[in-house]
Amino acid sequence: MSSPDSGHPPSTVADAGRRTMVLESAMATFARFGYRKASMEEVARAARISRPGLYFLFSSKEALFRAAVTQALERDVTAAEQVLADNGRSLSERLVEAFDHWAGRYIGPLTCDIATVIEDNPDLLGEIVETAPRRFEELITDAIAATSGREAARPVAQTMISVSTGLKHQVSSRELYRERLAVAIGLLTS
């Protein structure tokens, strides 16, 4: 069996679950220590896997880091996409929840901040640092465009993203983030 970072998918559901758990542990470790200070030993310990087992799954710390960030960003974009597709709820409710999946989950004590880890190491990550945020912006724009038209939607979506980014750095809890974001979304969509 080849390692998952070689481009081959995990061979079983159990392997995929284990890989997901290792990547979540890695992301938390990188967020806690930063990429440069985090060691494969610390990731292995957090994932409850041996260091040789970790190296079997990922040939290097860089490959592990890239896979961990990619998984986190893809998970967040997918969650936002699912929320925005639920037309049984108001646009404002869907937008608040989509932003919560994208950014709100990383606010507060003991949470990992993917944005900081990415901002500190963009050269290690490749195109995912551009494609995931661009995809999120498109999802937000599409949701707004359904009620206001495409031309008016893009600047509103970009402004919402800017507001979300600012709030992330101003609030101390996920709840406060959601409350203040709901106010901003209400102003921008009225």
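Does E74 satisfy the condition of being modelled with pLDDT of 95 or more, of a type in the set (D, E, K, R) and surrounded by 13 or more Cβ atoms within 10 Å (Cβ to Cβ)?
Judged against the criteria, E74 is not a match.
Hey, any hits in segment 148-164 for a residue that's of a type outside the set (F, W, Y), assigned by TED's automatic domain parsing to the domain that holds F99, under 16 Å from A79 (Cα atoms) and part of a helix (DSSP H, G or I)?
The answer is no; no qualifying residue exists.
For segment 32-39, check the following and say yes or no: at least one residue is in contact with a helix residue (DSSP H, G or I) (Cβ under 6 Å, 6 or more places away or on another chain) and in a helix (DSSP H, G or I).
No: zero hits.
Looking at segment 59-69, is at least one residue among the basic types (K, R) and in a helix (DSSP H, G or I)?
There is at least one residue in segment 59-69 that is among the basic types (K, R) and in a helix (DSSP H, G or I).
Out of E130, E93, which single residue is free of Cβ contacts under 8 Å to residues at least 12 places away in the same chain and closer than 30 Å to S60 by Cβ?
E130
Restricting segment 28-45 to residues that are touching an Asp or Glu at 6+ places or on another chain (Cβ under 9 Å) and hydroxyl-bearing (S, T, Y), which is modelled with the highest pLDDT?
That would be T29.
Looking at the structure I just gave you, is R48 loosely packed, with under 14 Cβ neighbours inside 10 Å, basic (K, R) and either farther than 25 Å from T131 by Cα or modelled with pLDDT of 95 or more (or both)?
yes
Which count do you get for residues in segment 124-150 that are farther than 30 Å from R66 by Cβ and at pLDDT 90 or above?
The total comes to 3.
Show the residue pairs meeting these rules: Cβ distance below 7 Å; 6+ apart or different chains; first residue within segment 166-180 and in the same structural domain as H101 (by TED's automatic domain parsing); second residue surrounded by fewer than 16 Cβ atoms within 10 Å (Cβ to Cβ) and in a loop (DSSP other than H, G, I, E, B).
S172/G108; S173/G108; R174/G108
Kindly provide the set of residues from segment 87-123 that are at pLDDT 90 or above, of a type in the set (S, T, N, Q) and either under 17 Å from M160 (Cβ atoms) or in a helix (DSSP H, G or I) (or both), ordered by number.
Residues satisfying the conditions are S90, S92.
Going residue by residue through segment 20-30, is there one that turns out to be in contact (Cβ under 8 Å) with a residue 60 or more places away in the chain, hydroxyl-bearing (S, T, Y) and either assigned by TED's automatic domain parsing to the domain that holds M160 or closer than 29 Å to E137 by Cβ (or both)?
No, there is no match, as no residue in segment 20-30 is in contact (Cβ under 8 Å) with a residue 60 or more places away in the chain, hydroxyl-bearing (S, T, Y) and either assigned by TED's automatic domain parsing to the domain that holds M160 or closer than 29 Å to E137 by Cβ (or both).
If a residue has to be buried (at least 19 other Cβ atoms within 10 Å of the Cβ) and either at pLDDT below 85 or aliphatic (A, V, I, L, M) (or both) to count, how many in segment 1-27 make the cut?
Looking only at that region, the number is 5.
I'd like to verify a number: residues in segment 40-84 that are farther than 28 Å from A103 by Cβ and polar (S, T, N, Q), how many?
Final tally of qualifying residues: 3.
For segment 153-165: of the residues being surrounded by fewer than 13 Cβ atoms within 10 Å (Cβ to Cβ) and farther than 15 Å from A98 by Cβ, which is nearest to the chain's Cα centre (by Cα)?
S162
The values are calculated or read from the model by the stated rules, or taken from the named source; none is laboratory data. In this text, all values refer to a predicted model and were calculated from it rather than measured experimentally. Note: ideal-geometry Cβ built from the backbone for every residue, glycine included; neighbour counts use all protein chains shown.
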